[in-house]
Amino acid sequence: MPSILPRSRIILLAAVAGGFVATATPVEAQQPPTNPSPSAAPLTAPAPTPATAPAPVPAAPPWAQARPDEAVSANLAPVVPPPIATAPDKLPLSKLKLPKNFHIEVFASGMPQARSLRVGDKGTVFVSTRLLDRIYAVTSSSGRPEVKTILTGLRWPNGIAVHNGTLYIAELNKISKIDNVESHLGDAKATVIYSDLPNYEPHGWKFLVVGPDNRLYFNVGAPCNICMPPATNAQIRSINLDGSDAQIVAHGIRQIVGMDFHPASKVLYFTENQRDWLSEDQPQDKLNRVLNPGKDNFGFPYCAGGDIEDPIYGWGHSCSEFTKPIAQLGPHTAPLGMRFYTGQMFPASYRNAIFIARHGSWNKSHKIGGDVVVAHLNPDGTVKSIEPFITGFIEDNNYVGRPVDMEFLKDGSMLLSDDYNGAVYRITYGPQRQVSRGQ
(Lines give C-alpha, C1' and ligand atoms only; values in the text may rest on other atoms or scores of the structure.)
Protein backbone atom coordinates (compact mmCIF):
# COMPACT_ATOMS: atom_id res chain seq x y z
CA MET A 1 0.00 0.00 0.00
CA PRO A 2 1.44 3.45 -0.84
CA SER A 3 2.66 5.43 2.15
CA ILE A 4 0.37 8.21 3.40
CA LEU A 5 3.32 10.25 4.74
CA PRO A 6 6.95 10.67 3.63
CA ARG A 7 9.19 7.90 4.93
CA SER A 8 11.20 10.28 7.11
CA ARG A 9 8.06 11.44 8.90
CA ILE A 10 6.81 7.89 9.37
CA ILE A 11 10.08 6.94 11.06
CA LEU A 12 9.92 10.02 13.29
CA LEU A 13 6.30 9.37 14.30
CA ALA A 14 6.98 5.71 14.95
CA ALA A 15 9.95 6.61 17.12
CA VAL A 16 7.80 8.72 19.43
CA ALA A 17 4.95 6.21 19.57
CA GLY A 18 6.20 4.95 22.93
CA GLY A 19 4.49 2.58 25.31
CA PHE A 20 0.96 2.48 26.58
CA VAL A 21 -0.73 2.79 29.94
CA ALA A 22 -2.28 -0.50 31.05
CA THR A 23 -3.01 -0.08 34.74
CA ALA A 24 -6.03 1.30 36.52
CA THR A 25 -5.41 4.83 37.77
CA PRO A 26 -7.65 7.60 39.03
CA VAL A 27 -8.21 10.22 36.33
CA GLU A 28 -6.91 12.93 38.64
CA ALA A 29 -3.50 11.20 38.84
CA GLN A 30 -2.82 11.43 35.11
CA GLN A 31 -0.83 14.22 33.52
CA PRO A 32 -2.99 16.49 31.36
CA PRO A 33 -1.99 17.09 27.72
CA THR A 34 0.51 19.88 27.16
CA ASN A 35 -1.95 21.65 24.85
CA PRO A 36 -5.51 20.88 25.94
CA SER A 37 -7.08 23.06 23.25
CA PRO A 38 -7.66 21.35 19.90
CA SER A 39 -6.41 24.46 18.12
CA ALA A 40 -3.18 24.27 20.14
CA ALA A 41 -2.28 20.82 18.86
CA PRO A 42 -1.75 21.24 15.08
CA LEU A 43 -1.28 18.15 12.95
CA THR A 44 0.91 19.96 10.43
CA ALA A 45 4.26 21.74 10.62
CA PRO A 46 4.39 25.33 12.00
CA ALA A 47 3.68 28.05 9.45
CA PRO A 48 6.70 29.88 7.96
CA THR A 49 7.55 33.37 9.13
CA PRO A 50 5.47 36.21 7.66
CA ALA A 51 8.40 37.41 5.56
CA THR A 52 8.49 34.18 3.56
CA ALA A 53 4.97 32.86 4.05
CA PRO A 54 3.09 31.79 0.92
CA ALA A 55 -0.62 32.40 0.46
CA PRO A 56 -2.53 30.60 3.25
CA VAL A 57 -3.89 27.15 2.45
CA PRO A 58 -7.22 26.22 4.09
CA ALA A 59 -6.71 23.63 6.81
CA ALA A 60 -8.17 20.19 6.13
CA PRO A 61 -11.14 19.28 8.35
CA PRO A 62 -10.37 16.77 11.13
CA TRP A 63 -12.08 13.89 9.34
CA ALA A 64 -9.70 14.36 6.37
CA GLN A 65 -6.52 13.86 8.39
CA ALA A 66 -4.29 11.26 6.65
CA ARG A 67 -6.61 11.12 3.63
CA PRO A 68 -4.80 9.82 0.51
CA ASP A 69 -5.02 11.68 -2.80
CA GLU A 70 -7.12 8.99 -4.45
CA ALA A 71 -9.81 9.44 -1.77
CA VAL A 72 -9.86 13.19 -2.45
CA SER A 73 -10.54 12.58 -6.13
CA ALA A 74 -13.31 10.11 -5.24
CA ASN A 75 -15.14 12.86 -3.31
CA LEU A 76 -15.50 10.70 -0.20
CA ALA A 77 -16.73 12.77 2.74
CA PRO A 78 -19.01 12.38 5.78
CA VAL A 79 -22.73 12.13 5.09
CA VAL A 80 -24.48 15.21 6.47
CA PRO A 81 -28.05 14.59 7.70
CA PRO A 82 -30.75 16.89 6.26
CA PRO A 83 -31.34 20.06 8.31
CA ILE A 84 -35.00 19.21 8.89
CA ALA A 85 -36.75 15.97 9.79
CA THR A 86 -38.43 13.89 7.09
CA ALA A 87 -42.22 14.10 6.91
CA PRO A 88 -43.90 10.98 8.36
CA ASP A 89 -45.40 9.92 5.01
CA LYS A 90 -41.95 10.13 3.36
CA LEU A 91 -40.13 7.86 5.83
CA PRO A 92 -38.53 4.79 4.20
CA LEU A 93 -40.39 2.02 6.06
CA SER A 94 -41.53 0.33 2.86
CA LYS A 95 -37.87 -0.15 1.88
CA LEU A 96 -36.82 -1.83 5.12
CA LYS A 97 -36.66 -5.62 5.38
CA LEU A 98 -37.04 -7.62 8.62
CA PRO A 99 -37.22 -11.33 9.48
CA LYS A 100 -40.58 -13.08 9.17
CA ASN A 101 -43.29 -11.90 11.58
CA PHE A 102 -41.31 -8.80 12.63
CA HIS A 103 -42.99 -5.47 11.88
CA ILE A 104 -41.78 -1.88 11.84
CA GLU A 105 -43.78 1.32 12.20
CA VAL A 106 -43.22 4.98 13.02
CA PHE A 107 -43.10 5.62 16.76
CA ALA A 108 -42.31 9.36 16.59
CA SER A 109 -40.97 11.77 13.99
CA GLY A 110 -40.05 15.45 13.62
CA MET A 111 -36.82 15.20 15.69
CA PRO A 112 -33.85 16.37 13.56
CA GLN A 113 -30.72 14.28 14.22
CA ALA A 114 -32.41 11.87 16.65
CA ARG A 115 -29.60 9.84 18.25
CA SER A 116 -29.40 8.06 21.61
CA LEU A 117 -32.56 6.60 23.20
CA ARG A 118 -33.53 6.05 26.85
CA VAL A 119 -36.85 5.24 28.50
CA GLY A 120 -37.95 6.74 31.80
CA ASP A 121 -39.79 4.93 34.59
CA LYS A 122 -43.11 6.48 33.50
CA GLY A 123 -42.61 5.59 29.85
CA THR A 124 -41.17 8.86 28.55
CA VAL A 125 -38.74 8.24 25.71
CA PHE A 126 -35.76 10.60 25.78
CA VAL A 127 -33.95 11.27 22.51
CA SER A 128 -30.59 13.02 22.23
CA THR A 129 -28.90 14.82 19.35
CA ARG A 130 -25.25 15.11 18.38
CA LEU A 131 -24.44 18.25 16.37
CA LEU A 132 -27.63 19.98 17.49
CA ASP A 133 -28.05 21.44 20.98
CA ARG A 134 -31.14 19.71 22.29
CA ILE A 135 -32.83 16.81 24.06
CA TYR A 136 -36.31 15.64 23.05
CA ALA A 137 -38.94 13.85 25.14
CA VAL A 138 -41.65 11.68 23.60
CA THR A 139 -44.77 11.23 25.72
CA SER A 140 -48.10 9.55 24.99
CA SER A 141 -50.57 11.11 27.41
CA SER A 142 -53.00 11.73 24.54
CA GLY A 143 -52.84 8.12 23.36
CA ARG A 144 -50.33 8.82 20.60
CA PRO A 145 -46.69 9.91 20.84
CA GLU A 146 -46.10 13.64 21.28
CA VAL A 147 -42.65 15.20 20.83
CA LYS A 148 -41.38 18.14 22.85
CA THR A 149 -37.94 19.71 23.23
CA ILE A 150 -37.06 19.80 26.93
CA LEU A 151 -33.52 21.27 26.79
CA THR A 152 -31.61 23.48 24.36
CA GLY A 153 -28.27 25.29 24.38
CA LEU A 154 -26.30 22.08 24.95
CA ARG A 155 -22.99 21.23 23.29
CA TRP A 156 -23.19 17.93 21.40
CA PRO A 157 -25.43 16.12 23.94
CA ASN A 158 -25.17 12.67 22.34
CA GLY A 159 -24.94 10.63 25.56
CA ILE A 160 -27.98 10.17 27.81
CA ALA A 161 -28.95 7.71 30.53
CA VAL A 162 -31.93 7.38 32.92
CA HIS A 163 -31.55 5.87 36.38
CA ASN A 164 -33.98 6.04 39.31
CA GLY A 165 -35.87 8.92 37.74
CA THR A 166 -32.75 11.00 36.98
CA LEU A 167 -31.72 11.89 33.43
CA TYR A 168 -27.94 12.10 32.92
CA ILE A 169 -26.62 14.03 29.90
CA ALA A 170 -23.08 13.77 28.52
CA GLU A 171 -22.04 16.76 26.43
CA LEU A 172 -18.71 17.39 24.75
CA ASN A 173 -16.94 18.47 27.95
CA LYS A 174 -19.28 17.88 30.89
CA ILE A 175 -21.92 15.58 32.37
CA SER A 176 -25.10 16.92 33.96
CA LYS A 177 -28.22 15.52 35.58
CA ILE A 178 -31.91 16.37 35.99
CA ASP A 179 -33.49 14.77 39.04
CA ASN A 180 -37.10 13.56 38.80
CA VAL A 181 -36.98 14.48 35.13
CA GLU A 182 -40.41 13.14 34.12
CA SER A 183 -42.00 15.65 36.47
CA HIS A 184 -40.02 18.51 34.93
CA LEU A 185 -40.45 18.10 31.19
CA GLY A 186 -41.71 21.67 30.91
CA ASP A 187 -39.13 23.31 33.17
CA ALA A 188 -36.09 21.01 33.03
CA LYS A 189 -32.85 22.44 34.41
CA ALA A 190 -29.60 20.51 34.37
CA THR A 191 -26.99 20.50 37.14
CA VAL A 192 -23.36 19.78 36.22
CA ILE A 193 -21.85 16.85 38.14
CA TYR A 194 -18.59 16.28 36.19
CA SER A 195 -16.53 18.65 34.07
CA ASP A 196 -13.03 17.16 34.03
CA LEU A 197 -13.21 16.38 30.32
CA PRO A 198 -11.05 17.52 27.40
CA ASN A 199 -12.47 20.03 24.95
CA TYR A 200 -11.48 18.33 21.70
CA GLU A 201 -14.28 18.29 19.13
CA PRO A 202 -13.09 15.37 16.93
CA HIS A 203 -14.75 12.29 18.45
CA GLY A 204 -15.83 14.43 21.37
CA TRP A 205 -19.39 13.12 21.55
CA LYS A 206 -20.08 10.68 24.34
CA PHE A 207 -22.17 7.58 24.95
CA LEU A 208 -23.49 7.11 28.47
CA VAL A 209 -24.67 4.03 30.37
CA VAL A 210 -25.30 3.19 34.03
CA GLY A 211 -23.54 0.01 35.11
CA PRO A 212 -24.75 -2.71 37.48
CA ASP A 213 -22.47 -1.08 40.09
CA ASN A 214 -24.54 2.14 39.92
CA ARG A 215 -21.73 4.05 38.23
CA LEU A 216 -21.86 6.08 35.02
CA TYR A 217 -19.70 4.76 32.18
CA PHE A 218 -18.73 6.87 29.18
CA ASN A 219 -16.13 7.16 26.44
CA VAL A 220 -13.54 9.86 25.81
CA GLY A 221 -12.68 9.45 22.13
CA ALA A 222 -9.37 9.98 20.36
CA PRO A 223 -9.21 13.61 19.13
CA CYS A 224 -8.16 12.64 15.61
CA ASN A 225 -8.45 10.08 12.86
CA ILE A 226 -5.05 8.60 13.75
CA CYS A 227 -2.59 10.14 16.22
CA MET A 228 -0.87 9.55 19.54
CA PRO A 229 -3.72 10.64 21.85
CA PRO A 230 -3.24 12.69 25.02
CA ALA A 231 -3.41 10.80 28.32
CA THR A 232 -6.94 12.17 28.79
CA ASN A 233 -8.33 10.51 25.66
CA ALA A 234 -8.96 7.17 23.89
CA GLN A 235 -10.44 5.55 27.00
CA ILE A 236 -13.55 4.54 28.92
CA ARG A 237 -14.12 6.23 32.27
CA SER A 238 -16.57 5.66 35.08
CA ILE A 239 -17.77 7.96 37.85
CA ASN A 240 -20.15 7.76 40.79
CA LEU A 241 -23.65 9.10 40.14
CA ASP A 242 -22.66 12.35 41.86
CA GLY A 243 -19.62 12.78 39.59
CA SER A 244 -16.99 11.71 42.13
CA ASP A 245 -14.30 9.01 42.03
CA ALA A 246 -13.39 9.09 38.33
CA GLN A 247 -11.65 5.92 37.17
CA ILE A 248 -10.26 4.67 33.88
CA VAL A 249 -11.91 1.41 32.83
CA ALA A 250 -10.09 0.66 29.56
CA HIS A 251 -7.46 2.20 27.26
CA GLY A 252 -6.56 2.28 23.57
CA ILE A 253 -10.06 2.96 22.22
CA ARG A 254 -10.56 5.22 19.20
CA GLN A 255 -14.28 5.99 19.47
CA ILE A 256 -17.37 4.39 21.01
CA VAL A 257 -21.02 5.20 20.31
CA GLY A 258 -22.58 2.14 21.95
CA MET A 259 -22.09 0.25 25.25
CA ASP A 260 -24.12 -2.18 27.33
CA PHE A 261 -23.61 -4.71 30.12
CA HIS A 262 -24.28 -8.42 29.66
CA PRO A 263 -27.46 -9.20 31.64
CA ALA A 264 -25.98 -12.32 33.27
CA SER A 265 -22.20 -11.85 33.50
CA LYS A 266 -22.41 -8.03 33.99
CA VAL A 267 -19.42 -7.66 31.63
CA LEU A 268 -19.21 -4.40 29.65
CA TYR A 269 -19.46 -4.78 25.85
CA PHE A 270 -18.98 -1.94 23.36
CA THR A 271 -18.76 -1.15 19.67
CA GLU A 272 -15.66 0.66 18.37
CA ASN A 273 -15.14 2.67 15.19
CA GLN A 274 -11.69 2.18 13.66
CA ARG A 275 -9.44 4.61 11.78
CA ASP A 276 -10.18 6.01 8.33
CA TRP A 277 -8.06 6.17 5.16
CA LEU A 278 -6.02 3.00 5.66
CA SER A 279 -7.94 1.49 2.72
CA GLU A 280 -11.54 1.05 1.64
CA ASP A 281 -11.55 -2.52 2.92
CA GLN A 282 -9.51 -2.22 6.13
CA PRO A 283 -9.53 -2.00 9.07
CA GLN A 284 -12.58 -3.77 10.44
CA ASP A 285 -14.76 -2.02 13.01
CA LYS A 286 -15.09 -4.01 16.23
CA LEU A 287 -17.24 -5.43 19.00
CA ASN A 288 -15.26 -5.59 22.26
CA ARG A 289 -15.72 -6.59 25.88
CA VAL A 290 -13.88 -5.53 29.04
CA LEU A 291 -12.76 -8.58 31.04
CA ASN A 292 -9.98 -6.81 32.96
CA PRO A 293 -11.22 -3.36 34.02
CA GLY A 294 -8.40 -0.85 34.31
CA LYS A 295 -5.98 -3.10 32.42
CA ASP A 296 -7.52 -3.88 29.04
CA ASN A 297 -5.93 -1.95 26.16
CA PHE A 298 -7.67 -2.27 22.77
CA GLY A 299 -4.73 -1.10 20.69
CA PHE A 300 -5.32 2.43 19.42
CA PRO A 301 -3.24 3.87 17.76
CA TYR A 302 -0.83 0.91 17.38
CA CYS A 303 -3.22 -1.77 16.12
CA ALA A 304 -6.36 -1.35 13.99
CA GLY A 305 -9.22 -3.82 13.73
CA GLY A 306 -7.47 -6.18 16.11
CA ASP A 307 -5.23 -7.55 13.36
CA ILE A 308 -3.41 -4.72 11.49
CA GLU A 309 -0.36 -2.90 12.85
CA ASP A 310 -0.86 0.76 11.99
CA PRO A 311 1.54 1.93 9.23
CA ILE A 312 2.42 5.07 11.21
CA TYR A 313 2.24 4.06 14.88
CA GLY A 314 2.47 0.28 14.76
CA TRP A 315 6.24 0.13 14.31
CA GLY A 316 7.74 -1.88 17.17
CA HIS A 317 4.35 -3.21 18.29
CA SER A 318 2.32 -6.31 17.55
CA CYS A 319 -1.45 -6.66 17.66
CA SER A 320 -0.88 -9.62 19.97
CA GLU A 321 0.02 -7.13 22.74
CA PHE A 322 -3.53 -5.81 22.91
CA THR A 323 -7.00 -7.00 23.89
CA LYS A 324 -8.63 -8.71 20.92
CA PRO A 325 -12.14 -7.89 19.71
CA ILE A 326 -14.73 -10.61 20.10
CA ALA A 327 -16.06 -9.84 16.61
CA GLN A 328 -15.19 -7.79 13.55
CA LEU A 329 -18.12 -5.85 12.14
CA GLY A 330 -16.96 -4.88 8.65
CA PRO A 331 -14.73 -2.09 7.33
CA HIS A 332 -16.07 1.42 7.93
CA THR A 333 -19.56 0.17 8.80
CA ALA A 334 -19.68 2.59 11.77
CA PRO A 335 -21.31 0.38 14.44
CA LEU A 336 -23.03 2.68 16.92
CA GLY A 337 -25.77 1.75 19.39
CA MET A 338 -25.86 -1.76 20.85
CA ARG A 339 -28.19 -3.37 23.39
CA PHE A 340 -28.69 -6.80 24.90
CA TYR A 341 -32.23 -8.06 24.44
CA THR A 342 -33.89 -9.12 27.70
CA GLY A 343 -37.55 -8.73 26.74
CA GLN A 344 -40.24 -11.35 26.22
CA MET A 345 -41.83 -10.28 22.90
CA PHE A 346 -39.16 -11.53 20.49
CA PRO A 347 -38.52 -15.28 20.02
CA ALA A 348 -36.40 -17.00 22.66
CA SER A 349 -33.43 -17.24 20.27
CA TYR A 350 -32.94 -13.47 20.67
CA ARG A 351 -32.76 -13.58 24.49
CA ASN A 352 -29.46 -12.02 25.68
CA ALA A 353 -28.34 -11.49 22.08
CA ILE A 354 -26.83 -8.12 21.08
CA PHE A 355 -28.57 -5.87 18.60
CA ILE A 356 -26.10 -3.53 16.86
CA ALA A 357 -26.97 -0.52 14.68
CA ARG A 358 -24.43 -0.04 11.89
CA HIS A 359 -24.72 3.60 10.83
CA GLY A 360 -23.04 2.88 7.51
CA SER A 361 -19.85 3.86 5.71
CA TRP A 362 -19.02 7.20 4.13
CA ASN A 363 -15.36 6.63 3.18
CA LYS A 364 -16.03 3.71 0.85
CA SER A 365 -16.90 3.99 -2.83
CA HIS A 366 -19.48 1.25 -2.31
CA LYS A 367 -21.32 1.92 0.96
CA ILE A 368 -21.95 -0.91 3.40
CA GLY A 369 -23.61 -1.10 6.81
CA GLY A 370 -26.74 1.00 7.10
CA ASP A 371 -28.52 -1.81 8.92
CA VAL A 372 -29.17 -3.52 12.23
CA VAL A 373 -27.49 -6.85 12.91
CA VAL A 374 -27.87 -9.27 15.81
CA ALA A 375 -24.95 -11.06 17.47
CA HIS A 376 -25.85 -14.38 19.10
CA LEU A 377 -23.46 -15.38 21.89
CA ASN A 378 -21.99 -18.60 23.20
CA PRO A 379 -22.41 -19.48 26.90
CA ASP A 380 -18.96 -18.02 27.60
CA GLY A 381 -19.98 -14.64 26.16
CA THR A 382 -18.07 -14.95 22.89
CA VAL A 383 -19.83 -14.38 19.58
CA LYS A 384 -21.43 -17.45 18.00
CA SER A 385 -22.86 -15.78 14.90
CA ILE A 386 -23.89 -12.41 13.47
CA GLU A 387 -26.88 -12.15 11.18
CA PRO A 388 -28.90 -9.38 9.52
CA PHE A 389 -31.97 -8.06 11.34
CA ILE A 390 -33.04 -4.87 9.52
CA THR A 391 -31.69 -4.03 6.06
CA GLY A 392 -32.61 -1.52 3.37
CA PHE A 393 -31.26 1.80 4.65
CA ILE A 394 -28.94 1.96 1.60
CA GLU A 395 -30.50 2.10 -1.86
CA ASP A 396 -28.47 2.53 -5.08
CA ASN A 397 -25.41 3.43 -2.96
CA ASN A 398 -27.29 6.27 -1.23
CA TYR A 399 -28.80 6.45 2.23
CA VAL A 400 -32.56 6.53 2.69
CA GLY A 401 -31.97 6.40 6.46
CA ARG A 402 -29.21 5.77 9.00
CA PRO A 403 -29.87 3.73 12.17
CA VAL A 404 -28.15 4.96 15.33
CA ASP A 405 -29.39 3.51 18.61
CA MET A 406 -32.00 1.16 20.00
CA GLU A 407 -33.86 0.81 23.27
CA PHE A 408 -36.59 -1.53 24.47
CA LEU A 409 -40.02 -0.75 25.87
CA LYS A 410 -41.57 -2.67 28.75
CA ASP A 411 -43.57 -4.85 26.36
CA GLY A 412 -40.33 -6.08 24.77
CA SER A 413 -40.67 -4.11 21.53
CA MET A 414 -37.65 -2.27 20.13
CA LEU A 415 -37.26 1.44 19.44
CA LEU A 416 -34.74 2.42 16.76
CA SER A 417 -33.52 5.96 16.04
CA ASP A 418 -32.67 7.27 12.56
CA ASP A 419 -30.71 10.53 12.63
CA TYR A 420 -30.87 10.94 8.85
CA ASN A 421 -34.66 11.22 8.92
CA GLY A 422 -35.10 12.55 12.46
CA ALA A 423 -37.38 9.70 13.46
CA VAL A 424 -37.77 6.80 15.89
CA TYR A 425 -39.26 3.49 14.72
CA ARG A 426 -40.89 0.72 16.73
CA ILE A 427 -40.23 -2.96 15.94
CA THR A 428 -42.64 -5.63 17.16
CA TYR A 429 -43.03 -9.38 16.71
CA GLY A 430 -46.21 -11.35 16.16
CA PRO A 431 -48.62 -12.68 13.55
CA GLN A 432 -48.81 -10.71 10.32
CA ARG A 433 -50.81 -7.53 10.78
CA GLN A 434 -51.33 -4.14 9.18
CA VAL A 435 -48.93 -1.57 10.63
CA SER A 436 -48.97 2.18 10.47
CA ARG A 437 -46.56 3.82 8.03
CA GLY A 438 -46.90 7.26 9.55
CA GLN A 439 -48.42 9.22 12.34
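Computed quantities for the displayed model
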item	result
Any pair with Cβ under 7 angstrom, 6 or more apart, that starts in segment 198-219 at a residue that is in contact (Cβ under 8 Å) with a residue 12 or more places away in the chain and ends at one that is charged (D, E, K, R) and part of a loop (DSSP other than H, G, I, E, B)	Trp205/Arg130; Pro212/Lys266; Phe218/Lys206; Asn219/Lys206
Members of segment 242-266 found to be assigned to a loop (DSSP other than H, G, I, E, B), open to solvent by 30 Å² or more (accessible area, probe 1.4 Å) and either of a type in the set (D, E, K, R) or in contact (Cβ under 8 Å) with a residue 60 or more places away in the chain (or both), listed by number	Asp242, Asp245, Pro263, Ala264, Ser265, Lys266
Subset of segment 382-407 that is touching a residue at least 12 places away in the same chain (Cβ under 8 Å) and acidic (Asp, Glu) - its residue that is surrounded by the most Cβ atoms within 10 Å (Cβ to Cβ)	Asp405
Residue tally, condition under 20 Å from the mean Cα position of the chain (by Cα) and among the hydroxyl-bearing types (Ser, Thr, Tyr), over segment 173-193	1
Subset of segment 274-324 [β-branched (Val, Ile, Thr) and part of a loop (DSSP other than H, G, I, E, B)]	Ile312, Thr323
Residues of segment 117-135 classified as in contact with a Gly (Cβ under 9 Å, 6 or more places away or on another chain), outside any loop (DSSP other than H, G, I, E, B) and of a type outside the set (A, V, I, L, M), total	1
Filter result for the condition that a residue is under 21 Å from Gly243 (Cα atoms), open to solvent by 50 Å² or more (accessible area, probe 1.4 Å) and of a type outside the set (Ser, Thr, Tyr), over Asn173, Asn180	Asn180
Subset of segment 128-158 [open to solvent by less than 40 Å² (accessible area, probe 1.4 Å) and of a type in the set (A, V, I, L, M)]	Ile135, Ala137, Val138, Ile150, Leu151, Leu154
Enumeration of residues in segment 89-111 that are assigned to a loop (DSSP other than H, G, I, E, B) and of a type outside the set (Lys, Arg)	Leu91, Pro92, Leu96, Leu98, Pro99, Asn101, Ser109, Gly110, Met111
Lone qualifier among Asp380, Asp405 - being under 18 Å from the mean Cα position of the chain (by Cα) and at pLDDT 95 or above	Asp405
Segment 414-427: number of residues that are in a strand (DSSP E or B) and open to solvent by 10 Å² or more (accessible area, probe 1.4 Å)	1
Of residues in segment 329-355 being over 17 Å from the mean Cα position of the chain (by Cα) and aliphatic (A, V, I, L, M), the one surrounded by the fewest Cβ atoms within 10 Å (Cβ to Cβ)	Ala348
Residue among Ala85, Ala114, Ala77, Ala161 that is assigned to a strand (DSSP E or B) and either out of contact with any strand residue (DSSP E or B) (no Cβ under 8 Å at 6 or more places or on another chain) or crowded, with 18+ Cβ neighbours inside 10 Å (or both)	Ala161
Hey, Tyr136 touching a Ser or Thr at 6+ places or on another chain (Cβ under 9 Å) and within 21 Å of Ile253 (Cβ to Cβ) or not	no
In segment 61-74, the residues that are surrounded by fewer than 12 Cβ atoms within 10 Å (Cβ to Cβ) and under 16 Å from Cys224 (Cβ atoms)	Pro61
Counted residues, segment 368-381 - those being assigned to a loop (DSSP other than H, G, I, E, B) and open to solvent by 10 Å² or more (accessible area, probe 1.4 Å)	5
Flag if Ser365 is in a loop (DSSP other than H, G, I, E, B) and in contact with a Lys or Arg (Cβ under 7 Å, 6 or more places away or on another chain)	no
Filter result for Ile175 (of a type in the set (Val, Ile, Thr) and either over 24 Å from Ala114 (Cβ atoms) or at pLDDT below 95 (or both))	no
Residue check for Gly360: closer than 30 Å to Val80 by Cβ, assigned to a loop (DSSP other than H, G, I, E, B) and among the small types (Gly, Ala, Ser)	yes
Arg358 vs. criteria among the charged types (D, E, K, R), open to solvent by 30 Å² or more (accessible area, probe 1.4 Å) and within 30 Å of Trp63 (Cβ to Cβ)	yes
Residue, most open to solvent (accessible area, probe 1.4 Å), within segment 195-229, restricted to residues that are of a type in the set (A, V, I, L, M) and in a strand (DSSP E or B)	Val210
Residue that is nearest to Val79 (Cα to Cα), among those in segment 130-168 that are in contact (Cβ under 8 Å) with a residue 40 or more places away in the chain and of a type in the set (Lys, Arg)	Arg130
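The values are calculated or read from the model by the stated rules, or taken from the named source; none is laboratory data. Owing to the predicted nature of the structure, the values given are computational and were not obtained by experimental measurement. Cβ atoms come from the backbone with ideal geometry, glycine included; neighbour counts cover every protein chain shown. With ligands, DNA and RNA removed, areas are computed over all heavy atoms of the protein, side chains included. Shrake-Rupley method; radii C 1.70, N 1.55, O 1.52, S 1.80 Å.
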